Amino acid sequence: MIQGIGASAGIAIGKSFVLPNWEWDLPEQKIDVADLAREFERLYEGIRTSKSEIEQMKDELREVVGTEESYIFDAHLAILEDPVFMNEIQGIIQRQYKAAEVAVKEAIDHFVTMFDLLDDEYMKERALDIKDVGNRLLKHLLGAPEITLPSDTQPFILVAKELSPSQLAHLNPNHVLGIATMAGSTTSHSSIMARALGIPLVVGLESKLDDQIDQIQTGDTLIIDGTSGIVHLEPDDAVMAHYSELQRSQKEASLRLKGIASVRSVTQDGKEMELSANISSLKELDIALGSGTYGVGLFRTEFLYMDRHRLPKEEEQFEVYRSVAEKLGGKPLIIRTLDIGGDKHLDYFELPEEENPFLGYRAIRICLDKTDLFKTQLRAILRASAFGNVKIMYPLISSVEEVQSANALLEEAKRELASEGIAHRSDIEVGIMIELPAAVMIADMLAAEVDFFSIGTNDLIQFTLAVDRMNDKISHLYEPFHPAVLRMLKTTVDAAKRGGIHVGVCGELAGDLRALPIWLALDVDELSMSAHALLPIKERLICMKQQNSRRLFEELLSCRTSDAVKALLHDFGKLIERESRQPSSK
């Protein structure tokens, strides 16, 4: 058994196909001065061909995983147009008299090494993008063929040192059972695409395998568990039987859950909970609609801005927002305004170097500073509101002044559209994310300014406990069931109820089965979660009674430790499971 990192859920059992690493036979001799012009022309022709291929892949991929994920290749196009990268290549050719392919390889190595040395996961992932683009360019300069995957219909598990988005784009999801890579992270482009394609993926095996990658040969039997991150090489009969049964059980559970997709999400004593989806692409929306989603409680618009070489224009944003609104057919669509900064960067938008970017220039703070950027997005959202039940939500709010400033810009956008005769909803609902302790403490004041709250538990927990959950040294202190967190949640919901506004939850805790009795006890109106969590949450909810959850919550509030809270929730969950398996007495 090899423990990696689960990056895309699911179990795959099958034969492996090991993808060879890129290896190039490069010329050693230098070129003559008279050949410089020819080398530059070869370089430019290779760039043109590479761009054409990438554009074609982008178009093909859009049909498979949706518009947003296809923008990953905008980042690749941007690299081929990046003056720093191109100047490095041109400088090597002109000053060192090296062939174009040698210059490209040296430039790749230079930037990849530089980015790999940075203690920044985002920059490490950009290094893979440069390597991917550079290898595509090298392929054309050397006239090398593509590395081809098995062409027969026998499905396989792909094993690779690392997998680039370009390589993943060429995979047929019907032929690839799963993927295991030595490098990579859960936030890489390849992980994002694997999840969108529904392919189980385990990454980060390198530190576990060391030099043993050579021990995995094409044709070996593998089991990969994309949830736990476990990989089994040549499993014995007992392990094979265990995972085969687990895979069968998961398929049966999936079919059973689909049977309740159209069932109302109401507890046995009549509490109805709106179960909505968090999405970043149209493909995720399709999955959510198939799971009977009430609507979209969080549309992460930053994915329209990421992995491309320029800001999305108003028309481009409008088309995406309108498409989502129309597909929802009148169901609610909450669009969160741009939330970059912290761990989310834009290649073309320079953010300042900060000691603590999570507490710095990000989200609504950027939007209120770059008002043209913000108003472009507001106009696009307003225009889309004419095509569905669209609502606006501002992230990272810490003061009443921020809400008022954002709303003032929203009113400007409305007046502009009205003067231009462009249809929009003038009464569009506006809400905020509650994810800072400051917002919790003035929740009563904020409730008077907006139409709804959505609790972003990820950041609220992080900031309440002063714990960076991405920091391995202290990640064990990131505790969603800390007594302080429970009190923060109660304060927020109580303020919303007193203010007469809708209150939902859109962080990871919304889709956590353990937390469901907390939300029922607090009388939360909506839970918005990953599309894959909708049906398991609904299945549990319709077996519960709100009054029982309220009694439990009184006990939870008296707990002095997180372990005590989790123990009570665990016992309560087991009780619900036992009761749900008993025949109904009705």
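Counting only residues at least eight positions apart within a chain, or on another chain, the lysines with an alpha carbon under 27 Å from that of Lys370 are Lys313, Lys344, Lys391, Lys414.
Take each uninterrupted DSSP H stretch in the chain, measure its Cα extent along the helix axis, and return the ones at 20 Å or beyond whose mean Kyte-Doolittle hydropathy is at least -0.5. Mind showing how you got there, number by number?
Numbers: long enough: 36-65 (42 Å, -0.87); 100-116 (24 Å, 0.48); 121-142 (31 Å, -0.53); 237-258 (31 Å, -0.83); 314-328 (21 Å, -0.98); 400-420 (30 Å, -0.52); 483-499 (24 Å, -0.02); 562-581 (29 Å, -0.47).
Span-like helices, by this rule, are 100-116, 483-499, 562-581.
Helical content of the chain, expressed as a calculated mean residue ellipticity at 222 nm, amounts to -15500 deg cm²/dmol (DSSP H runs of 4 or more residues, -39,500 (n - 2.57) each, divided by residue number, nearest 500). Maximal additional length on extending the Gln3-His110 stretch stands at 35.4 nm, based on 0.36 nm per residue less the C-alpha distance.
Between beta-carbons, use under 9 Å as the cut-off and find the net charge around Gln96, counting Lys and Arg +1, Asp and Glu -1. Numbers along the way, then the final one.
On the way: positive: Lys30, Arg95, Lys98; negative: Glu106.
Summing Lys/Arg as +1 and Asp/Glu as -1 gives +2.
A DSSP coil position with no more than 14 other Cβ atoms inside 10 Å describes the following trypsin sites (Lys or Arg not before Pro) in region 300-409: Arg310, Lys313, Lys370. Close amide H contacts of Gly4 (hydrogens built in the peptide plane, cut-off under 5 Å, sequence separation of 5 or more or a different chain): Ile230, Val231.
Over region 513-552, what is the relative contact order in whole percent, taking alpha-carbon pairs under 8 Å and six or more residues apart? Here the relative contact order equals 71 percent. Across region 337-419, C-alpha contacts under 8 Å between residues 6 or more apart give a mean separation that, scaled by the residue count, equals a relative contact order of 31 percent.
Could you sort out which of Lys58/Lys258; Lys58/Lys105; Lys105/Lys161 sit more than 22 Å apart by Cα distance in this structure? Walk me through the numbers on the way to the answer.
Details: Lys58/Lys258 32 Å; Lys58/Lys105 24 Å; Lys105/Lys161 18 Å.
Violating the 22 Å limit, Cα to Cα: Lys58/Lys258; Lys58/Lys105.
Based on alpha-carbon centroids, what's the gap between region 331-378 and region 75-116 in Å, whole number please? Measuring centre to centre over Cα atoms gives 30 Å.
Between Ala7, Thr337, Ala325, the Cα set farthest toward the positive side of the dipole of the chain (charges on each charged residue's Cβ, about the Cα centre) is that of Ala325. The charge dipole of the chain, taken about its Cα centre with unit charges on the Cβ atoms of Lys, Arg (+1), Asp and Glu (-1) only, comes to about 2300 debye.
Fewest to most neighbouring Cβ within 10 Å: what's the order for Asp35, Asp451? Please list the in-between numbers first.
Details: Asp35 14, Asp451 17.
In order of increasing Cβ crowding within 10 Å: Asp35, Asp451.
What is region 305-454 by shape, rounded, prolate or oblate, if you read a ≥ b ≥ c off the alpha carbon gyration tensor as root eigenvalues and call it rounded for a/c under 1.5, prolate for a/b larger than b/c, and oblate otherwise?
Working: a/c = 1.71, a/b = 1.19, b/c = 1.44.
Oblate.
When each of the peptides 397-408, 231-242 is scored by how many other beta carbons lie within 10 Å of its residues on average, the order from highest to lowest is 397-408, 231-242.
From the square roots a ≥ b ≥ c of the eigenvalues of the alpha-carbon gyration tensor of the chain, which class results: rounded (a/c under 1.5), prolate (a/b over b/c), or oblate?
Numbers: a/c = 2.00, a/b = 1.36, b/c = 1.47.
Cα axes put the chain in the oblate bin.
Residue exposure proxy: Thr492, Thr218, ordered by other Cβ atoms within 10 angstrom of their Cβ from fewest to most, comes out as Thr218, Thr492. Scoring 75-84, 527-536 by mean Cβ neighbours within 10 Å over their residues and listing the highest first yields 527-536, 75-84.
Kindly identify region 265-581 as rounded, prolate or oblate by the Cα gyration tensor criterion: order the square roots of the eigenvalues as a ≥ b ≥ c, call it rounded if a/c is under 1.5, otherwise compare a/b with b/c, prolate if a/b is larger, else oblate. List each step's numbers first, then the result.
Details: a/c = 1.81, a/b = 1.44, b/c = 1.25.
Note, shape of region 265-581 comes out prolate.
For Val18, nonlocal amide neighbours, meaning residues 5 or more places apart or on other chains whose placed amide H falls under 5 Å from its own, are Val159, Thr218, Gly219. With a sphere of radius 13 Å drawn around the Cβ of Pro483, what net charge do the other residues whose Cβ falls strictly inside it have (Lys, Arg +1; Asp, Glu -1)? Local charge sum for Pro483: +1. Cβ crowding within 10 Å, taken as a proxy for footprinting-reagent exposure, orders Arg581, Arg487 from fewest neighbours to most as Arg581, Arg487.
So between Ala34 and Lys251, what do we pick up on full extension, going 0.36 nm a residue minus the alpha carbon distance? Don't skip to the end; give the middle numbers.
Numbers: separation 217, 0.36 × 217 = 78.12 nm, distance 6.53 nm.
Using 0.36 nm per residue and subtracting the Cα-Cα distance, I get 71.6 nm.
So what's the net charge close to Val390: Lys and Arg +1, Asp and Glu -1, counting the other residues with Cβ under 10 Å from its Cβ? Mind showing how you got there, number by number?
Values: positive: Arg322, Arg383, Lys391, Arg425; negative: Glu429.
So the surrounding residues net to +3.
Each reported figure results from applying straightforward, stated rules to the coordinates on display, with no laboratory input. Here the structure is a predicted model, which is why all the values come from computation and not from measurement. Here the Cβ is made from the backbone with ideal geometry for all residues, glycine too, and neighbour counts use every protein chain on show.
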